[in-house]
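The structure appears below as C-alpha cells.
Coordinate-derived values only; no laboratory data. As the structure is a computational prediction, the values presented were derived from the model and not from experiment. Reconstructed Cβ throughout: ideal geometry from the backbone, glycine too, with neighbour counts over all protein chains shown.
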C-alpha cells in the first residue's frame, strides 16, 4: 500500500473535520472516501 501526504488550507481542513465528526469517521476515512469518489468520476 502506498502512502501520501496531503496539505490543505484551514477551510478545507475544517470541512474534512466536520464531515468526520458528522459521520463518526476519522479524517483519514473521509479523505479515503473523497479520493475513491473522485477516482470513480474519472472512469
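Some notes on this structure:
- Among the residues making up the range 29-43, those that are part of a helix (DSSP H, G or I) and more than 12 Å from the chain's Cα centre (by Cα) are 39, 40, 41, 42.
- Of all residue pairs spaced 6 or more apart or on separate chains, those with beta-carbon atoms under 7 Å, a first member in the range 6-18 that is closer than 16 Å to residue 32 by Cα and a second member that is surrounded by 11 or more Cβ atoms within 10 Å (Cβ to Cβ) are 6/31; 16/27; 16/30; 16/31; 17/27.
- Tally of residues being assigned to a helix (DSSP H, G or I) and surrounded by 10 or more Cβ atoms within 10 Å (Cβ to Cβ) across the range 1-28: 12
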